[in-house]
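Here is the structure we will look at.
What follows is calculated from the coordinates using simple rules that are stated; it is not laboratory data. A quick note: this is a predicted structure, and the numbers were derived from the prediction, not measured. Quick reminder, even Gly has a Cβ in these numbers, built from the backbone with ideal geometry, and neighbours come from all protein chains shown.
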Amino acid sequence: MHPSSGDDVLTPSQDAERSSNITHLVVSDFGEKPEALQKLLKLPKALEHFVFEKIHACPVPWRLDMFQWLLADHKYTLKSLEIGSLTSGYTSISLLDFPNLETLNLSHWAYRESPEVSAASLLAPRLHTFIWDFRILDQHSESWSDFGNEQKEWLLRFAELAAEKRSALRKIEILFCPDEYSSPQTREELAVCVSPWDLMDEAKDKIKPLGIELEYAGSWKREGWLQKIEEDGRVCEESEKEET
Amino acid sequence: MTRCFSCRRTDPAGRPSLGNNAPRKQSLLGSSEDGQLCILPASTSSSVSGSRQKASPTSTPFITRISDELFDEIFIHAIKGSNVWGDTNYQTALALSGVSKRFHRIVQPLMYRTIHIGQHMLAPPCRAVRQLHRTMKFNKALGSMVRALGVHVDWGVSGNISDTEFEIGRELLGWLPNVDSFMIHGGYEHLSTWPMISNAVLNWPRLKSLLFSREDWTLGMPPVCDLILTTPNLTTLTLHGPGGPSVVNLSPLWVPPSKVSASKLRG
């Protein structure tokens, strides 16, 4: 039986603090208060990989800047950091004090700073990979419009600034798996559509000379999509005929 | 004209002769002088010459000269499932097991390396769990093969699960001394769930990875923190859904039980 003390925040004993050999900590759908996570984070001696995945239901307003102090004890050992979508608005975070951070995965749904602020605060000295995560991973997925011209321009500017600062950044990875409902459904829509992958291809070519690779899953071919629309149309026509 | 690979005779119509009267010889595959795959002439196959002699039916087949350890390594990869858990591909394992007694002897323990009974209930024990329990009861050596274990405890749709329903689960977990990765889903609200986990974990000195996932909002932080402190080799901890609406207001944030004074406990 564990002691309860209402709202009091009890602290781990000095003996228990930094006594665990845990190097990988993955937390998702965290339903406790930030103080509880702080206590948990006090146990590992040297955390190297920390993942805080999305929150589904929690009355606590989680913000990105909270992780600045939550992870303070591990800033010298942390090599990778992943933060999913949070429950309360968008804030910035500075990772300049994390000298060994190599990989950062930030959800688009948790972070909306300008490229200038991002380049000035996210590019830790050894950060070589930045993962920009658009995935929603819920009953619905992100839509095609979530990666548009605005995101392409952000990416280009961020890469330019990273190169100007002679940062360690060498790779940007985009995680983007939109559902088909938001895709062009007719020939007319397809004719005027600029797909997210067209924009990513364009950005990839532009930032390559800066020494930064852009990676993303999936490819999109206009001809293939046209074929799909035509096939879907035929299926619809046939089912309508059968009904009449 | 078609020739029979077996007896190298043809019938008048050019079809391979399958007559029973003809003496049948085994054809042997080998390489021709220009390095192509071919059927060796009878005279060559019986001659003594280097690698071709290895193909002789009277010598030991190459496959039988492969050591058990090497097969072990090959089969581990062959029967690995494709999902994130690395579950065993039992179809492949069973097919391999049926090849020979020797393969069966090698494959059978490998089928116990990863046991994921997440689809079934450890408590109350479902039929599959009872069968596994029975198998291990009569062959405890199989328990030492288990490295990764995933279990599921009913989260109490049918109310609290009595302690006796945990008996089989407790025994089963106690027969697996080499577990290094453990996952448990659901059912933390039952009085017997955490004692079962704690007792098992104490007997797993190789435990490196722990994963707790909730069904309902009953995964409290205190017992998780207790377990962290009793598993010195733990390097990876995954928590899906700790705390939650029903826990936040009641939550005792963690303190090691031994450090709590009696006065504090009384409130």
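Over all other residues within a Cβ to Cβ distance under 14 Å of A:L190, the charged ones net out to -4, with Lys and Arg as +1 and Asp and Glu as -1. Excluding same-chain residues fewer than 8 positions from A:K241, which lysines have a Cα within less than 28 Å of its Cα? Counting by Cα, and skipping residues close in sequence, A:K241 has these lysines nearby: A:K228. Counting only residues at least eight positions apart within a chain, or on another chain, the lysines with an alpha carbon under 18 Å from that of A:K42 are A:K33, A:K75, A:K79, B:K259. Here the dipole of region B:131-201 is about 360 debye; that uses its Cα centre as origin and unit charges on the Cβ of Lys and Arg (positive) and Asp and Glu (negative). Among residues other than A:T103 with Cβ under 13 Å from its Cβ, the summed charge is -2 (Lys and Arg +1, Asp and Glu -1). Could you point to the residue in A:L96, A:W109, A:P59 farthest towards the positive end of region A:44-122's charge dipole, with +1 and -1 charges on the Cβ of Lys/Arg and Asp/Glu respectively? Value computed over the given set: A:P59. Put in order of Cβ neighbour count within 10 Å, fewest first, the listed residues A:T87, B:T64 become B:T64, A:T87. Angle between the Cα long axis of helix A:149-164 and the longest principal axis of chain A, 0 to 90 degrees, nearest 10? Roughly 50 degrees, rounded to the nearest 10. Mean per-residue shielding of peptide A:15-26 is 5, counting Cβ atoms of other chains within 10 Å of each Cβ. Taking 8 Å as the Cα distance limit and 6 or more residues as the minimum spacing, I'd like the relative contact order of region A:108-226 as a percentage. Rounded, it is 31 percent for region A:108-226.
Using the Cβ-Cβ distance between A:H140 and B:H104 with R0 = 56 Å, the FRET efficiency computed as 1/(1 + (r/R0)^6) comes to roughly 0.70.
Only Lys, Arg, Asp and Glu carry charge here, each on its Cβ (+1 for the first two, -1 for the last two); on that basis region A:24-243 has a dipole of about 1520 debye about its Cα centre. Extending 7 Å from the Cα toward the beta-carbon at both A:S114 and A:A72 defines two label points whose distance is 2.9 nm. For chain A, adding -39500 (n - 2.57) for each run of n ≥ 4 DSSP H residues and dividing by the number of residues yields -9500 deg cm²/dmol at 222 nm.
Note on A:K171 and B:S82: their simple-model spin labels are 2.4 nm apart, each label 7 Å out from Cα toward Cβ. Summing +1 for each Lys or Arg and -1 for each Asp or Glu among the other residues whose beta-carbon sits under 15 angstrom from that of A:S141 gives -4. Would you mind pulling out the separation of the Cα centroids of region A:193-238 and region A:80-106, in Å? So the two Cα centres are separated by 29 Å. Considering only A:R63, A:R112, A:R234, the mean-square fluctuation computed in a Gaussian network model of chain A, springs between alpha carbons under 10 angstrom, is largest for A:R234.
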